[in-house]
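Working notes, structure below.
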């Protein structure tokens, strides 16, 4: 039998209690939303899609609480806590204790101090320390993200957080974005991951990470830079075939002039008639003196000159545009259903998106209820993040890891590090992008390392390494059942395993583990 | 406006069947490496239109100075064009030896100005009109036309250009590590995939892993003793040469970091550094190929060029026509080839970019036809609906 810590038991009890209470208050939170109906009964298959990967404990919990209720909870996440040891790891991070403004201030001072060092050698090592600190901050953000993916009870929200981070991709290698990616995920993306698309989009347009990544902090009257404007149309809203022209990209760039970042304390001196239009919160700044004050033409309509309000008007239009509804629905369906989702499914999702004013949870509910979703279960090839997180969840279900660093390194080897995609299109969600010969072999290599009872995952600063139980020993009943349900070829291979770690290496290398 | 056409471009005609071949057929001994610069590199600062006053007017901060005594000036190639000085020790010697050529005003007619859309478009190599097959890249069709099993993508992922009916493996040579799975474990893992759609990938993955290990074993074992100085792309290019010399005859590699919207620099600076690294890598590839360099062709291309005018941030935005490079021990280089125009306000496309006068399917079709001795039907298979043009590259 599996041992449970008191904290975990309490946690399961709380979940059950929450389930009961939610039952009284009808879990379909919105009266106008159609109820969620599932066209499949296989709980493990559904969990493998909706979460970052099924685990023995989760399966048991959901079988007890009911799958539909679980999904409704996932669509409307509450403040369910992380396991205490995981929350402690996150609380100890600098990014949890310092706001972006404070971090920016700290880092700026570090940089200036480095430049002011008297000798070249001292300058060099102080600059190195500055760079290392930036890298450490980005690794904290990536670690926090992975810990939540591994252990948050709100699994769907964490999946959507990754999805939207990828949709509104930024690259940590640019400028000082390493100090910003954590805040970008925490404040711009994650709170809106299951909310209104309009709010999510607006949050990204005002975050310094995005504005710096796509150079809009440099976009000003007479010094126009159309980088962000183009990607906002092509990648964030309408899609490349969404019916906009080169002229529209240029006009949107004009709307976006003056939308930027102010990393210092000082505010610019403005002519009196412009002062009303100046906007600043945190590091975000709209500077009307840098803004093109003429009226603009976007998608055949006039945008009257009104400062930052022009952007509000444009985002309203873009987020309610039919092309956006289809583009976003199609992308969600590729992520959750299949590489080539049925047009009818995408159409239904797009209609829900439009009718619910871009409600992401409602759009997902119509997808989960579809026959296409049910039929597709088990057929989606995992990209490396899905593969790795699901493997760690399954292999070490009984004990949260204490050191995420090996996972960050494996993700780099597998070609999908967090915040590591250089271009704004984000990582591909298609099988063809991840299933090449070299990628398959690298996966098997990682599986072997992971299955060896990799002690580094349980290494904590200042503590001796602790060896975890190997996955088969931790939950023999679950894995015996897993083996019985595997394909004949997989069963045959598992029989040839000469040791427990080797059994685990083969199991984590199997075709079954590559799909969700 | 002076319209100028070079002698070579007069021969921009469909290839006559049975044209004299410079290269032996069937030319699977011929090796082709395609280098894709992702991000739309600023071609106007690579191949500098030194005879154009407009270029200098419109790039007040980032232009590369006209050829002169200063080491930071363009290297003269002919009366109209100069090469970026960062390529003085790498590509210029190849050009002088007739082993490098440039094709300006090259590219696709795709007008989305989207990196991703245009990269896909070029990699597919299919007509822009009509429905496209998104599972069929142009190098994959070349591999199946040649009936060769020697194609290899030197990338982490299998790019669109290599996807298709022929199963092409990939391997990234940026970092190479010894595997931990032994032969028995590898064999058992492959048996799990015997009924899976992933079987070909898995089988080939293990085969390629073992081959790379054999070929690069010497380098890996000696790494500590005779400190290899090469890094980054240069090291990668040397490894590619090691494999292509003996094993693979169609290769692909991509290099990123070209999307220079801000502070790209001129004779020195960010972009100059990228050119320097790329040039050093390519020159080192040529050296490492040794005798096989005579039968090797390298094509360097990018999805589009950039705006001729510099933008408000001393950078450039997405444009249209670009410059292709062709290198090889046996090419007819030392020239700037293809249809050309004087660079002036009146010749800009949509008043912002280089036009495309040398459509890439025609140019590559012509090149492939020469180096592999392919006939019109075979070229039609690789570039459906395109008219191959011989611009005198090979």
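No value in this document is a laboratory result; all are computed from the given coordinates. Just so it is clear, the structure is predicted and the values come from calculations on it, not from any experiment. Neighbour counts run over all protein chains shown; Cβ positions are idealised from the backbone, glycine included.
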Item to complete: Give me a single rounded figure for B:250-262: the average over its residues of other chain Cβ atoms within 10 Å of their Cβ.
Response: 2
Worksheet, complete the sentence: The helix B:360-372 Cα axis meets the longest alpha-carbon principal axis of chain B at an angle in degrees, between 0 and 90 and rounded to 10, of 60 degrees
Worksheet entry | At R0 = 45 Å, FRET efficiency that the Cβ-Cβ distance of residue A:295 and residue A:351 yields, to 0.05 | 0.85
Worksheet item: To the nearest 10 degrees, how steeply does helix A:309-319 sit against the main Cα axis of chain A, on a 0 to 90 scale?
Response: 40 degrees
Worksheet item: Counting every Cα pair in the protein assembly as shown, what percent are over 52 Å apart?
Response: 18 percent
Worksheet item: What residue among B:267, B:101, B:79 shows peak mean-square fluctuation when chain B is described by a Gaussian network model with Cα springs under 10 Å?
Response: B:79
Discussion item. Counting just the Cα atoms, what span does the stretch A:160-262 cover along each of its three principal axes? Round to the nearest Å and put the largest first.
Written reply: 34, 30, 21
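Order by neighbour count: B:215, B:339, fewest other Cβ atoms within 10 Å first, most last. Show your work: numbers first, answer last.
Working: B:215 16, B:339 22.
Lowest to highest Cβ neighbour count: B:215, B:339.
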Practice prompt. Considering only B:166, B:106, B:237, give the residue with the highest GNM mean-square fluctuation for chain B, with springs between Cα atoms whenever their separation is below 10 Å.
Written response: B:166
Worksheet entry | Span from the the stretch A:142-190 Cα centroid across to the the stretch A:336-353 one, whole angstrom | 25 Å
Worksheet item: On the first, second and third principal axes, largest extent first, how far apart are the outermost C-alpha atoms of the stretch B:45-112 in Å?
Response: 37, 30, 19
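With an 8 Å cut-off on Cα pairs and a minimum separation of 6 or more residues, tell me the relative contact order of the stretch A:133-235 in percent.
Numbers: 88 pairs, mean separation 25.8, N = 103.
Relative contact order of the stretch A:133-235: 25 percent.
Stretch residue B:131-residue B:89 to full length: gain in nm at 0.36 nm per residue minus the Cα-Cα span?
Gain on stretching residue B:131 to residue B:89: 10.6 nm.
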Discussion item. What number does the stretch B:311-394 give for Rg over Rh if you use C-alpha atoms and the Kirkwood radius?
Written reply: 1.06
Fill in: Helical contribution to [θ] at 222 nm, DSSP H n ≥ 4, -39,500 (n - 2.57), averaged over chain A, rounded to 500
-16000 deg cm²/dmol
Worksheet, complete the sentence: Taking r as the C-beta separation of residue B:350 and residue A:266 and R0 as 45 Å, the FRET efficiency to the nearest 0.05 is 0.65
Fill in: Linear extension gain, residue A:123 paired with residue A:371, 0.36 nm per residue minus alpha-carbon span
83.0 nm
Fill in: Approximate spin-label separation residue A:309-residue A:240, in nm, with each point projected 7 Å along Cα-to-Cβ
3.8 nm
Worksheet item: In degrees, nearest 10, range 0 to 90: what is the angle between the Cα axis of helix B:115-124 and the longest Cα principal axis of chain B?
Response: 60 degrees
Fill in: Peptide A:439-450, shielding by other chains (average Cβ, 10 Å cutoff)
6
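Could you list A:121, A:397 so that the one with the fewest beta carbons within 10 Å of its beta carbon is first and the one with the most is last?
Fewest-to-most Cβ neighbours within 10 Å comes out as A:121, A:397.
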Fill in: Relative contact order [Cα under 8 Å, 6+ residues apart], chain A, whole percent
17 percent
Worksheet item: Arranged by the count of other C-beta atoms within 10 angstrom, fewest first, what order do A:448, A:60 take?
Response: A:60, A:448
Practice prompt. Just report the Cα centroid separation between the stretch B:157-221 and the stretch A:273-324, whole Å.
Written response: 51 Å
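Please report the relative contact order for chain B, taking Cα pairs under 8 Å with a sequence separation of at least 6, and give it as a percent rounded to a whole number.
Details: 816 pairs, mean separation 135.3, N = 394.
Across chain B, relative contact order equals 34 percent.
What translational D, rounded to a whole number of µm²/s, comes out for chain A from Stokes-Einstein when the hydrodynamic radius is the Kirkwood one over Cα pairs, at 20 °C and 1.002 mPa s? Each step should come with its number before you reach the end.
On the way: Rh = 24.7 Å.
Taking Rh from Cα pairs, D becomes 87 µm²/s.
Full-extension gain between residue A:430 and residue A:99, please, as 0.36 nm times their residue separation minus the C-alpha to C-alpha distance. Mind showing how you got there, number by number?
Details: separation 331, 0.36 × 331 = 119.16 nm, distance 3.61 nm.
Between residue A:430 and residue A:99, full extension yields 115.5 nm more.
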Fill in: q = 0.16, 0.17, 0.18 Å⁻¹: log10 I(q)/I(0) that the Debye formula gives for the stretch A:31-178, counting C-alpha atoms only
-0.96, -1.03, -1.10
Worksheet entry | Packing rank of B:193-202, B:351-360, B:38-47, where each peptide gets the mean count of other beta carbons within 10 Å, highest leading | B:38-47, B:351-360, B:193-202
Response to the item:
Check: C-alpha center the stretch A:38-63 vs C-alpha center the stretch B:285-361, spacing in Å is 53 Å
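First measure r as the distance between the Cβ atoms of residue A:76 and residue B:197, then evaluate 1/(1 + (r/R0)^6) with R0 = 41 Å and state the FRET efficiency to the nearest 0.05. Mind showing how you got there, number by number?
Working: r = 37 Å, r/R0 = 0.91.
So the FRET efficiency works out to roughly 0.65.
Need one value for B:179-192: mean number of C-beta atoms belonging to other chains within 10 Å of its residues' C-beta atoms.
Working: counts 5, 7, 8, 1, 0, 3, 10, 3, 2, 11, 11, 5, 6, 16.
Per-residue shielding by partner chains comes out at 6.
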Worksheet item: With chain B treated as a Gaussian network of Cα nodes joined by springs under 10 Å, which of B:142, B:278, B:128 yields the largest mean-square fluctuation?
Response: B:128
